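Trainee: Sharing a structure here in structure tokens format.
Every read-out reported here was derived from the displayed coordinates using simple, explicitly stated rules and does not represent laboratory data. If you're wondering where the values come from, they're calculated on a predicted model, not measured in any experiment. Here the Cβ positions follow ideal geometry from the backbone for every residue, glycine too, while neighbour counts run over all protein chains shown.
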């Protein structure tokens, strides 16, 4: 159990979040503009296997923390869970990323691409976990 959830629900939510990232950063969606904003070519991104492993572990931790907040706020149902996602994203993800973005001088477009992914991911994690509570 993870904060009152069967581990499988949290694992499913993390897998969905990870899958959204695979689609989000694919050539069909944002791979090219993302790489352009980074000033890199897709082949220059480094060790993809390590990055994907770290990403999945981070998605798993995030899903666990979102599970905690769903339990702590007594959220139930997919819609209410989905509604909690943007609040957590705004309070913890977007704000800290914006601090980094401001000091690093990164583009607003890069911020929108990266944080759009996390917003969608957190909404879906909340919906899945909220649905599990029903």
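Trainee: So which residue, out of 77, 105, 116, gets the largest mean-square fluctuation from a GNM of the chain using Cα contacts under 10 Å as springs?
Mentor: 105
Trainee: Per DSSP helix of 4 or more residues, -39500 (n - 2.57); summed, then divided by the residues of the chain. What does that give at 222 nm, rounded to the nearest 500?
Mentor: Estimated from H runs of four or more residues: -24500 deg cm²/dmol.
Trainee: Under the rule a/c < 1.5 gives rounded, and otherwise a/b versus b/c splits prolate from oblate, where does the stretch 39-80 land using the Cα gyration tensor?
Mentor: prolate
Trainee: Provide Rg over Rh for the stretch 68-134; use the alpha carbon set for both Rg and the Kirkwood Rh (inverse mean inverse pair distance).
Mentor: Rounded to two decimals, Rg over Rh is 1.10.
Trainee: Report the calculated FRET efficiency for residue 107 and residue 50 (r = Cβ-Cβ distance, R0 = 22 Å), to the nearest 0.05.
Mentor: Here the calculated transfer efficiency is 0.30.
Trainee: Counting only Cα, what are the radius of gyration and maximum Cα-Cα distance Dmax of the stretch 7-133, in Å?
Mentor: 15.1, 45
Trainee: If each Cα of the stretch 12-60 is one equal point scatterer, what is log10 of I(q)/I(0) from the Debye formula at q = 0.31, 0.32 Å⁻¹?
Mentor: Values, matching the q order: -1.14, -1.15.
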